[in-house]
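*Asks:* One structure follows; several queries about it will come next.
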Amino acid sequence: MPAKKPVRRSQLISPWGVGQMINFPKDESLMVLGLDMWEEKFRTISELEEFKVTEERLAKRLGVRDFRLPPDFRDPGHGVTNPSLKIPFVRFPRWHYCTRCGHMEKVSIYDSKKPTCTGISFVSGRSCSEIPEKKRQKLIPVRFIAICPHGHIQDFPFMEWIHGGTRPEGQHSLRLRAGRSSGALSGIEITCSCGAYKTMAGAFNEQSLTKIGVTCSGGRPWLGEEADRNNTTHCGKDLIIVQKGASNVYFSQVRSSIYLPQWEKSVDRKIIEVLEKNWNWLTSGLVDGKFDRMRFELVAEQKFNPDKRDFYTEKLIEAASKRNIAADVSNADDSEEKYRKMEYDAILSQAGGENQDFFVTKNHANTYDDAETGGAISNGFTSIGLLHKLRETRAFVGFSRWLPDDGKSLDGKKDFIKLGRSITWLPAVVVKGEGVFFEFNEKKIKSWAGKKEIIERIKNLSENYNNERIKKGKEKRNISPEFILIHTFAHLVINQFSYECGYGSSALRERIYCNLEFPNDIMNGVLIYTASGDSEGSLGGLVRQGKQGNLETIVYNAIENAKWCSSDPICIDSHGQGPNSCNLAACHNCSLLPETCCEESNMLLDRAMLIGELDNPSIGYFNFQCR
């Protein structure tokens, strides 16, 4: 990737991962290639270690060996070891046109330079034939493409569109002229040198291409598979016409994990880093369950002072023998909730230490003096966890088109972004930061959630949400009052944190712990944490706000502000609003957050769960607890 086309490392995980088109300045559209081509680039560098990310728990879950940071291209003067490492792209869409004369040309996906108008003469209208070649305009990509619900993508079939579904023999030249008669699709005219003519009117209609005999070719340009090269497996599904910048063209599939400590608190940080980076190799030499000392000696000699090899060998073996494997994941099919239960337990047990990337201290809710502010913390929560240090790994596992989830299995998602079975890694980024964890009082939240009025209020919301899931071929999801309460509380507190301590709301993120699949594994909590991309941590501001003397006011203000929305009484009395009516009393004026903050795409929210309805305030959790 040239220096004039920079992309931030985190953006190559979301929203611009493998298979996505990136619109660069000067009307240039490029698509990120698959992991096979990334692997070719990685082979050209000698220091691969700087790109490797170790997160054993997530690696086991996703069935890979490790993760790699996307290359971070910068100028050699900025101190980056490998300034020549570039992310591979192809040119897509292939159809380009001249904005002056309208000449259309289908370029190769491997063209390294932006194409220039060839200067074809036209009988009418402008022509670039009389302009010197060096002064002719660069062609720009057309904005119409075709996608398939299975994730395939291809150029809009202009040739077939204007010729009634057939591809004519011989040389045919197309011309695109827009806005001459109308600003609508009917004003975009496509003409052929043979005299054929058609506008784009009706192109976006359902099955518009199927009616002329054009269906999905199974194209995967990011893997070098195109219908024109006859190396695709024909899909045959109906194509959907979209604009290349539309939000439904690409949905990144990302899996995240909070690092959990697996070492004794007394172990030196450098020892931990060395063990984690070399753990797979060190443990592959086990004999009768015992470590191979020679492997530890080699690591100690390479990573520490060779003169103290024996000393560091003993340190490494001693730490490795005390490793806590309770957080290991047994297989890649474990549910998200089982996976998060490990994190939930680690937070409550105050795991980790100052020398690790996970360090928690916990305050009992009774230690917060909030009697004058309604007692929301002391009555509604059991404890507040202060995560002084945390590390989150976000791994890119695949993508979908048209719908946020196309139903592919994990292996199906991974196979869609690579060809080679030898690729045993996934792209990932690491975010270091801090957070505040709220543990809801288990006994009180259960008593509140059992109220008949609460169950009836949530019933319609759950039905709206699950009806849409069923239409998309997904399984129903059990939505509980506890989940709605915890989720809405997280949104309100994130908004309040941004007001009180200067964080932008997009710099904070929620991580909900509420078990909907396995009721016996009780979780009732939420983690609010710093989540800025490419971050190396923060300065303790969020943890400071979670301490006694600060958090009482923040929680009180969050609840008080939720009692009135500028859209009330319409908002508080709503029977369904937002996407697919999957929110109740929640709108942009009171509860919604930037998409990057929310795990549920700003759905399943209802502030009445916290503060009650206008005519029945007692159903609010905090009103219910404070009576």
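*Asks:* Kindly evaluate TYR556 against the criterion of being touching a Ser or Thr at 6+ places or on another chain (Cβ under 6 Å) and closer than 22 Å to ASP369 by Cβ.
*Replies:* Details: touching a Ser or Thr at 6+ places or on another chain (Cβ under 6 Å): yes; closer than 22 Å to ASP369 by Cβ: yes.
So TYR556 fits the description; yes.
*Asks:* Consider LEU516 carefully, then state whether it is assigned to a loop (DSSP other than H, G, I, E, B), within 21 Å of the chain's Cα centre (by Cα) and in the same structural domain as ALA376 (by TED's automatic domain parsing).
*Replies:* no
*Asks:* Just for the range 538-580: of the residues that are surrounded by fewer than 16 Cβ atoms within 10 Å (Cβ to Cβ) and under 29 Å from the mean Cα position of the chain (by Cα), which one is modelled with the lowest pLDDT?
*Replies:* That would be LEU539.
*Asks:* Enumerate the pairs (first residue in the range 154-183 and more than 26 Å from GLY236 (Cα to Cα) and assigned to a strand (DSSP E or B); second residue anywhere and among the charged types (D, E, K, R) and modelled with pLDDT of 90 or more) with beta-carbon separation below 7 Å, excluding pairs fewer than 6 apart on the same chain, so at least 6 apart or on different chains.
*Replies:* ARG177/GLU189
*Asks:* Further question on the same structure: Can you tell me which residue within the range 586-627, out of those that are in a loop (DSSP other than H, G, I, E, B) and free of Cβ contacts under 8 Å to residues at least 24 places away in the same chain, is farthest from TRP448 (Cα to Cα)?
*Replies:* This residue is GLU595.
*Asks:* Among all residue pairs at least 6 apart or on different chains, which show Cβ distances below 6 Å where the first residue, located in the range 190-216, is assigned to a strand (DSSP E or B) and the second is among the aromatic types (Phe, Trp, Tyr) and surrounded by 16 or more Cβ atoms within 10 Å (Cβ to Cβ)?
*Replies:* ILE190/PHE158
*Asks:* Would you pick out the residues in the range 403-417 that are surrounded by fewer than 18 Cβ atoms within 10 Å (Cβ to Cβ) and either modelled with pLDDT of 95 or more or farther than 20 Å from SER335 by Cβ (or both)? Write out each step before concluding.
*Replies:* Going residue by residue through the range 403-417, those that are surrounded by fewer than 18 Cβ atoms within 10 Å (Cβ to Cβ) are 403-405, 407, 409-412, 415.
Residues satisfying the conditions are LEU403, ASP415.
*Asks:* Which number in (1) over 25 Å from GLY407 (Cα atoms); (2) surrounded by 14 or more Cβ atoms within 10 Å (Cβ to Cβ) marks the one condition that VAL429 misses?
*Replies:* Against the list (1) over 25 Å from GLY407 (Cα atoms); (2) surrounded by 14 or more Cβ atoms within 10 Å (Cβ to Cβ), VAL429 comes up short only on (1).
*Asks:* I need a count of the residues in the range 339-366 that are touching a helix residue (DSSP H, G or I) at 6+ places or on another chain (Cβ under 8 Å), small (Gly, Ala, Ser) and closer than 21 Å to ALA59 by Cα.
*Replies:* Qualifying residue count for the region: 1.
*Asks:* Restricting the range 372-402 to residues that are among the β-branched types (Val, Ile, Thr) and within 19 Å of LEU58 (Cα to Cα), which is surrounded by the fewest Cβ atoms within 10 Å (Cβ to Cβ)?
*Replies:* THR393
*Asks:* Give the number of residues within the range 195-226 that are surrounded by 14 or more Cβ atoms within 10 Å (Cβ to Cβ) and either of a type in the set (Ser, Thr, Tyr) or in contact with a His (Cβ under 8 Å, 6 or more places away or on another chain) (or both).
*Replies:* Total satisfying the criteria: 10.
*Asks:* Does ILE486 satisfy the condition of being closer than 26 Å to GLU613 by Cα and either part of a loop (DSSP other than H, G, I, E, B) or in contact with a helix residue (DSSP H, G or I) (Cβ under 7 Å, 6 or more places away or on another chain) (or both)?
*Replies:* no
*Asks:* If I filter the range 40-53 for residues that are modelled with pLDDT under 90 and of a type in the set (S, T, N, Q), do I get at least one hit?
*Replies:* Among the residues of the range 40-53, at least one is modelled with pLDDT under 90 and of a type in the set (S, T, N, Q), which makes the answer yes.
The values are calculated or read from the model by the stated rules, or taken from the named source; none is laboratory data. These figures come from a predicted structure and were not determined experimentally. Methodologically, a virtual Cβ is constructed for each residue, glycine included, from the backbone with ideal geometry; neighbour enumeration extends over all protein chains shown.
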